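S.K.: Got a structure here, written out as structure tokens. Questions coming.
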Amino acid sequence: MTQYTDRVEAQREKLEQEKLDNQVTSIDCRYANGKWTKMITRYANGKEVTEYNDKRRKDKIEWL
């Protein structure tokens, strides 16, 4: 079983990085006339997701 320790350790590091990548740092929600229009979610790895309530607009993903 010692032959797989490198693979297990690599997978463990990959899971730790994925856990940090999915960690939300801030959520910004914009309102107009009592309804939300835009929600910006920022993650620890620098990813920023902008969601719009208007379904005609496409959600935007940016890397900072």
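S.K.: Could you give the radius of gyration (one decimal) and Dmax (whole number) of the Cα atoms in the chain, in Å?
M.R.: 18.0, 62
S.K.: So what's the angle, to the nearest 10 degrees on a 0 to 90 scale, between helix 5-21 and the longest Cα principal axis of the chain?
M.R.: Tilt of helix 5-21: around 10 degrees.
S.K.: Now for a different question. Given the options Tyr4, Thr50, Val24, identify the residue whose Cα lies farthest towards the positive end of the charge dipole of region 2-63 (+1 on Cβ of Lys, Arg; -1 on Cβ of Asp, Glu).
M.R.: The residue sitting most towards the positive pole is Thr50.
S.K.: If you don't mind, there's one more thing I want to ask. Where does the longest stretch of the chain lie that holds no trypsin sites (Lys or Arg not before Pro) found in a DSSP loop with 14 or fewer other Cβ atoms within 10 Å?
M.R.: Between the exposed loop sites, the longest stretch runs 1-54.
Read-outs throughout are calculated quantities, based only on the coordinates presented, and are distinct from any laboratory measurement. These numbers come from a predicted model, not from an experiment. Cβ sites come from the backbone with ideal geometry, for glycine too, and all protein chains shown count toward neighbours.
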